[in-house]
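Colleague: Quick one: structure below, then a few questions.
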Amino acid sequence: MEKLIEIHKASCRFDHASGRVVHALNEIDLTIGRGEFVCLLGRSGHGKSTLLRSLAGLNPLTSGWIRVEGELVAGPSSQRGMVFQEDTVFPWMTVRENVEFGLKCQGLPAAERTQIARRWLAAVGLAAFENSWPKELSGGMRKRVAIAAAFAGGAPILLMDEPFGALDYVTRMDLQNLLLDLWQRTRTTIVFVTHDLEEALVLAERILVFSAGRVVEDMTIDLARPRNEEVRARAEAVAITRTILRRLEPNNDVLRVA
Amino acid sequence: MTEAIINARSRTPGAAMMARWSNRLRRAGVGTRLLELAGIGLLLVIWQLCHYFIGQFFPAPLDVFDNIAANFWSSRYFEGIGLAPGGYADHVLATTTTVLVGLAIGAVAGVAAGYASALSSVADQIISPLATILGTVPILVASPFLLIWFGPTLVPKLILVGFYSAVVLHVYAMRAVQNVNPAYVAYARTLGADGFGIFREIIVPASLPELFGGLRTALGAAWGFAVIGELLGSEYGVGRVITATWSAYDITSMMAGVVVLGVVAVIADAILAGLRRMLTRWR
């Protein structure tokens, strides 16, 4: 597979005012291929979101580097779209204006923007809501807007930071299926942070298990699709789950306070 | 409706009766407008009662309204007590002009300073001490100086109003920008927005609701500052009417001036609220 993202000895430490030093990323070496769906899995505070934000260019590394298509990541770029856990849909823009915003930043003419935005709103099932204000939509629908905006920008890489974390179980399943559908149609590379093992098993082709700022397990997930919420019951999945849980055991939680 | 009934049961008998009645009124098509009018009616009743108990030093509402009607467009009486030609209309127009122009100048300066303070630490280090000093010294103590320097012109009043508006809006604008959810900015950056794009498309609309809060505060106080400026020396203005009729011991005209000003201030506030609803209908 063609290399798309290369991460070399990426480290990130935060020096807190209290004098505490946290090694959020600890010399991570990693490559991600074009078209992969990678889940970064781990407990809270073990570096997966830090890595994602560094990939986005929102969080500078202390040392090491990240290259995307051979180019060093130095800041945010429309080549790497992001979906956040927070509701980031702009409330002062209509649904369609939200989806168009990234295209506007890229300098596309209005007519073309509208056409692309309409196509993606239809793809996420919100065609009828293009002129609605975000306040008129439910949380799940606003997440659909964020997904439509991310795909509409045409970035070859989409970074997702626990995007469905705040949603109810059923809505979350709907959105997982939607995301898989869009991924299979576009083959966009997706790096998806989650702490939910089932979510990772449903979505990922590859799971990277994070602990104490390191990747402690790199697993290819070749469970047959479609996978649903019962995926965890499959024999292969049970084996994967067992490996992952062993990696996440409390006694593997290395003391990260220097 | 069911909600009201459930609430009515859970509260005291008095509250239950109120809820039942407000429900009945609403069903009968009695809107909030009518309740607002009832509030004004209540005010007039209290006013009349004050007149009844206090006497001639607290003129009755009808006498005040007669006075306004008789002297609204022009007034020989006003000229007789040494005021410039014209009625309440001319004076309230002068005060309104002072308020609107002063507020506009102050708001632009204050918002610009507030945005600069919030977005640049260098700007903040320059502006914040100034704003603190100017904001803590009561602006009214500056008025004698302003009168000495500029005389009874529009300038000292504009400075009073503009200055206060700028100090208020500096604080509101700075806080509004600081309160913008950083996730919006991060998200916009991943979509490829640059510095000015983020300012125009994210910071400005996101801070708008709070700016309107500041504008409303400043507008409310601006009438007071304008009138005080006029009390100290002016040719036209409600403050000038009040000083002139005060020396004539004409309490009815003094109150009439206050009523005319109050009505205009309420209208201005309503227009501002309408403007806010129009510009932030996404909320």
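Colleague: What number of residues within segment A:68-84 satisfy the criterion of being closer than 15 Å to B:V185 by Cα and surrounded by fewer than 18 Cβ atoms within 10 Å (Cβ to Cβ)?
Modeller: Total meeting the criteria: 2.
Colleague: Further question: Out of the residues in segment B:248-263 that are crowded, with 20+ Cβ neighbours inside 10 Å and not aliphatic (A, V, I, L, M), which is nearest to B:L219 (Cα to Cα)?
Modeller: This residue is B:G257.
Colleague: Looking at segment A:12-67 only, could you name the residues that are at negative phi and within 14 Å of another protein chain (Cβ to nearest Cβ)?
Modeller: A:S49, A:T50, A:L52, A:R53, A:S54, A:L55, A:A56, A:L58, A:N59, A:P60
Colleague: Among B:T245, B:T280, which is the only one that is surrounded by fewer than 16 Cβ atoms within 10 Å (Cβ to Cβ), of a type in the set (S, T, Y) and touching a residue at least 60 places away in the same chain (Cβ under 8 Å)?
Modeller: B:T280
Colleague: Check B:Y172, B:Y184 and return the single one that is in a helix (DSSP H, G or I), within 30 Å of B:P144 (Cβ to Cβ), assigned by TED's automatic domain parsing to the domain that holds B:T95 and modelled with pLDDT of 95 or more.
Modeller: That would be B:Y172, the only listed residue that is in a helix (DSSP H, G or I), within 30 Å of B:P144 (Cβ to Cβ), assigned by TED's automatic domain parsing to the domain that holds B:T95 and modelled with pLDDT of 95 or more.
Colleague: Can you pull out the residues in segment A:68-87 that are more than 15 Å from A:P163 (Cα to Cα) and either aliphatic (A, V, I, L, M) or within 14 Å of chain B (Cβ to nearest Cβ) (or both)?
Modeller: The answer is A:V68, A:L72, A:V73, A:A74, A:G75, A:P76, A:S77, A:S78, A:Q79, A:R80.
Colleague: Please state which of the following conditions A:F90 fails to meet, knowing it meets all the rest: (1) in contact with a Pro (Cβ under 8 Å, 6 or more places away or on another chain); (2) assigned to a helix (DSSP H, G or I); (3) within 12 Å of chain B (Cβ to nearest Cβ); (4) not charged (D, E, K, R).
Modeller: (2)
Colleague: Scan segment A:1-37 for residues that are within 20 Å of the chain's Cα centre (by Cα), among the acidic types (D, E) and assigned to a strand (DSSP E or B) and jot them down.
Modeller: A:E6, A:D29
Colleague: Follow-up. All but one of (1) modelled with pLDDT of 90 or more; (2) in contact with a helix residue (DSSP H, G or I) (Cβ under 7 Å, 6 or more places away or on another chain); (3) over 18 Å from B:A222 (Cα atoms); (4) not basic (K, R) hold for B:V111, so report the exception by its number.
Modeller: (3)
Colleague: Look through B:V238, B:V177, B:V204 and report the one residue that is touching a His at 6+ places or on another chain (Cβ under 8 Å) and on the phi < 0 side of the Ramachandran plot.
Modeller: Result of the check over B:V238, B:V177, B:V204: B:V238.
Colleague: Could you please let me know if B:T153 is farther than 17 Å from B:V111 by Cβ and at the interface with another protein chain (Cβ under 10 Å from one of its Cβ atoms)?
Modeller: It is false that B:T153 is farther than 17 Å from B:V111 by Cβ and at the interface with another protein chain (Cβ under 10 Å from one of its Cβ atoms).
Colleague: I'm trying to understand the selection: among the residues of segment B:109-126, which are surrounded by 18 or more Cβ atoms within 10 Å (Cβ to Cβ) and either over 20 Å from B:E210 (Cα atoms) or without any contact (Cβ under 8 Å) to a residue 24 or more places away in the chain (or both)?
Modeller: B:A116
Colleague: Regarding B:T136, is this residue polar (S, T, N, Q), closer than 22 Å to B:T98 by Cα and surrounded by fewer than 22 Cβ atoms within 10 Å (Cβ to Cβ)?
Modeller: no
Colleague: Could you look through segment B:264-277, keep only residues that are surrounded by 12 or more Cβ atoms within 10 Å (Cβ to Cβ) and more than 14 Å from every other protein chain (Cβ to nearest Cβ), and pick out the one that is farthest from B:V241 (Cα to Cα)?
Modeller: B:L275
Colleague: Restricting to segment B:179-194, name every residue that is more than 7 Å from every other protein chain (Cβ to nearest Cβ) and not polar (S, T, N, Q).
Modeller: Selection gives B:V180, B:P182, B:V185, B:A188, B:D194.
Colleague: Related question: In this structure, does A:F151 turn out to be under 15 Å from B:Y187 (Cβ atoms) and either part of a loop (DSSP other than H, G, I, E, B) or out of contact with any helix residue (DSSP H, G or I) (no Cβ under 7 Å at 6 or more places or on another chain) (or both)?
Modeller: No; evaluated as a whole, the condition is false for this residue.
Colleague: Of all residues being over 13 Å from the mean Cα position of the chain (by Cα) and not in a loop (DSSP other than H, G, I, E, B) in segment A:38-63, which is farthest from A:D161 (Cα to Cα)? Just the residue, please.
Modeller: A:S63
Colleague: Starting from segment B:64-77, take each residue that is among the hydrophobic types (A, V, I, L, M, F, W, C) and loosely packed, with under 14 Cβ neighbours inside 10 Å and list its partners that are assigned to a helix (DSSP H, G or I) and at pLDDT 95 or above, counting only C-beta distances under 7 angstrom and pairs at least six apart or across chains.
Modeller: Once the first residue is among the hydrophobic types (A, V, I, L, M, F, W, C) and loosely packed, with under 14 Cβ neighbours inside 10 Å and sits in segment B:64-77, its partners that are assigned to a helix (DSSP H, G or I) and at pLDDT 95 or above give B:W73/B:A89.
The values are calculated or read from the model by the stated rules, or taken from the named source; none is laboratory data. Please read these numbers as outputs of a predicted model, since none were measured by experiment. With ideal geometry, Cβ positions are generated from the backbone for all residues, glycine too; neighbour counts draw on all protein chains shown.
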